[in-house]
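Peer 1: Before we start, here is the structure in question, set down as structure tokens.
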Amino acid sequence: MSNIAIIPARGGSKRIPRKNIKEFCGKPIIAYSIEAALKSNLFSEIMVSTEDEEIAEISIKHEAKVPFFRSMKNADDFTGPGDVIYEVLNEYKSRDRIFDNVCCIYATAPLISHKRLIEGYNLLTNSDFDLVFPVAKFNYPIWRSFKINKDSQAEMNFPEHETKRSQDLSDAFHDAGQFYWLHSANMHTLKNKNVLGYKKGAIILDDVEVQDIDTLNDWVIAEIKFNYLKDKIR
């Protein structure tokens with residue numbers, strides 16, 4: 001099978017400026033996503049979708065390809081990864097290159113492991129799932145969560161569970177925000193963002209393998225986790 005890794009990396013990050021190429025433990029953060037893809041040996045093409053020349057230059061230096069630049073209409077704050085994948089696959093198709101499977105790898109996922117990419121690929125190709133992605137368990141049952149109203153009053157989101165013990169409640173999981181695999185044949189639904197009907201498969205990551213990076217505090221925590229994990233999962 002022919003697989004492509006697509007790494008979306010636009011230049012206009014606002015919460016952490018130049019986030020996709022900011023130095024993380026000695027190298028641009030996007031380099032870790034590229035290296036995991038390379039090390040997996042799963043891909044006939046590893047490309048970065050960007051409209052930014054500096055991001056393109058750094059990506060190529062770390063052995064990814066940037067055969068064309070992203071259109072400006074797909075480089076704003078409202079463009080989702082589905083739009084990017086759809087655009088990339090259509091451009092490759094116009095160049096007579098067709099791929100069986102796609103892995104969208106996020107540019108700011110330094111805790112990503114090539115082993116997890118392989119695990120996700122194996123689940124996709126040995127099952128009837130339309131999409132496969134990594135997840136992590138919420139540390140505390142969301143069924144005991146609260147919302148705070150305008151008067152600072154705490155109200156339970158699920159009051160029917162207020163008197164239940166936390167150990168009696170089912171686990172809940174969230175997207176790990178690292179990558180997702182899908183069959184290229186499903187690309188037409190990406191344009192319409194019609195993924196609700198997808199049959200989704202999940203691989204479960206340990207909490208230490210996952211860190212959302214939206215603030216500088218998140219960044220520091222991610223570096224601590226990376227240094228802890230670098231000899232364990234990489």
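Please treat every number below as a calculation from the coordinates, not as lab data. In this text, all values refer to a predicted model and were calculated from it rather than measured experimentally. Glycine gets a Cβ as well: all are built from the backbone with ideal geometry, and neighbour counts include every protein chain shown.
Peer 1: What is the extension gain from K137 to N217, computed as 0.36 nm multiplied by their sequence separation minus the C-alpha to C-alpha distance, in nm to one decimal?
Peer 2: So the chain would gain 26.7 nm between K137 and N217.
Peer 1: Another question, if that's okay. Quick one: among H62, H114, H161, which has the greatest mean-square fluctuation in a GNM of the chain with alpha-carbon springs under 10 angstrom?
Peer 2: Per the Cα network of the chain with a 10 Å cutoff, H161 tops the list.
Peer 1: Same structure again: Among the complete DSSP H segments of the chain, which ones combine at least 18 Å of alpha-carbon extent along their axis with a mean Kyte-Doolittle hydropathy of -0.5 or more?
Peer 2: TM-like helix candidates: 81-94, 216-229.
Peer 1: When a/c reaches 1.5 or more, the comparison of a/b and b/c decides; with that in mind, is segment 13-118 rounded, prolate or oblate per its Cα gyration tensor?
Peer 2: Judged from the Cα gyration tensor, segment 13-118 comes out oblate (a/c at least 1.5, b/c at or above a/b).
Peer 1: For segment 114-234, compute Rh as the Kirkwood radius over C-alpha pairs and then the Stokes-Einstein diffusion coefficient at 10 °C and 1.306 mPa s; write the answer in µm²/s, rounded to an integer.
Peer 2: Rounded, D is 92 µm²/s.
Peer 1: Which of P81, P110, P67 moves the most in a Gaussian network model of the chain with Cα springs under 10 Å?
Peer 2: The residue that fluctuates most here is P67.
Peer 1: Still on this structure, I have one more. Work out the length of the dipole vector of the chain about its Cα centre, built from +1 on the beta-carbon of each Lys and Arg and -1 on the beta-carbon of each Asp and Glu, and round it to the nearest 20 debye.
Peer 2: Rounded to the nearest 20 debye, it is 140 debye.
Peer 1: Report the relative contact order of segment 1-141, percent, no decimals, based on alpha-carbon pairs under 8 angstrom and at least 6 residues apart.
Peer 2: It rounds to 34 percent for segment 1-141.
Peer 1: About the Cα centre, and with charges only on the beta carbon of Lys, Arg (+1) and Asp, Glu (-1), how big is the dipole of segment 119-182? Nearest 20 debye, please.
Peer 2: Dipole size: approximately 280 debye.
Peer 1: Hey, in the GNM for the chain with a 10 angstrom Cα cutoff, which one of D151, D76, D128 fluctuates hardest?
Peer 2: Maximum among the listed residues: D151.
Peer 1: Please report Rg over Rh for segment 72-116, where both radii come from the alpha carbon positions and Rh follows the Kirkwood definition.
Peer 2: That ratio equals 1.04.
Peer 1: Helix-only mean residue ellipticity at 222 nm, the chain, DSSP H runs n ≥ 4 weighted -39,500 (n - 2.57), per residue, nearest 500. What is it?
Peer 2: -8500 deg cm²/dmol
Peer 1: Calculate the spin-label point distance for E57 paired with D207, positioning each point 7 Å from the Cα along the beta-carbon direction, and give it in nanometres.
Peer 2: Distance between the two pseudo-spin positions: 4.2 nm.
Peer 1: Calculate the tail of P(r) for the chain: the fraction of all Cα-Cα distances greater than 34 Å, expressed in %.
Peer 2: Here the tail beyond 34 Å accounts for 19 percent of pairs.
Peer 1: FRET efficiency for L38 and D128, Cβ-Cβ distance as r, R0 = 35 Å, nearest 0.05?
Peer 2: Computed FRET efficiency for L38 and D128: 0.75.
Peer 1: Which shape class, rounded, prolate or oblate, goes with segment 4-58 when its Cα gyration tensor gives a ≥ b ≥ c as root eigenvalues, a/c under 1.5 marks rounded, and past that a/b bigger than b/c marks prolate?
Peer 2: Judged from the Cα gyration tensor, segment 4-58 comes out oblate (a/c at least 1.5, b/c at or above a/b).
Peer 1: Taking the Cβ-Cβ separation of I98 and Q167 as r and a Förster radius of 41 Å, what is the calculated FRET efficiency to the nearest 0.05?
Peer 2: After rounding to 0.05, the efficiency reads 0.25.
Peer 1: Relative to the present Cα-Cα distance, how much length would full extension add between S13 and E155 at 0.36 nm per residue of separation?
Peer 2: Contour length minus the Cα-Cα distance gives 47.7 nm.
Peer 1: Considering the dipole of the chain built from charges on the beta carbon (Lys and Arg +1, Asp and Glu -1) around the Cα centre, which of W143, L117, A64 is farthest to its positive end?
Peer 2: The residue sitting farthest along the positive end of the dipole is A64.
Peer 1: Which of A154, P134, I98 sits farthest toward the positive end of the charge dipole of the chain, with +1 on the Cβ of Lys and Arg and -1 on the Cβ of Asp and Glu?
Peer 2: Final value for the positive-end residue is I98.
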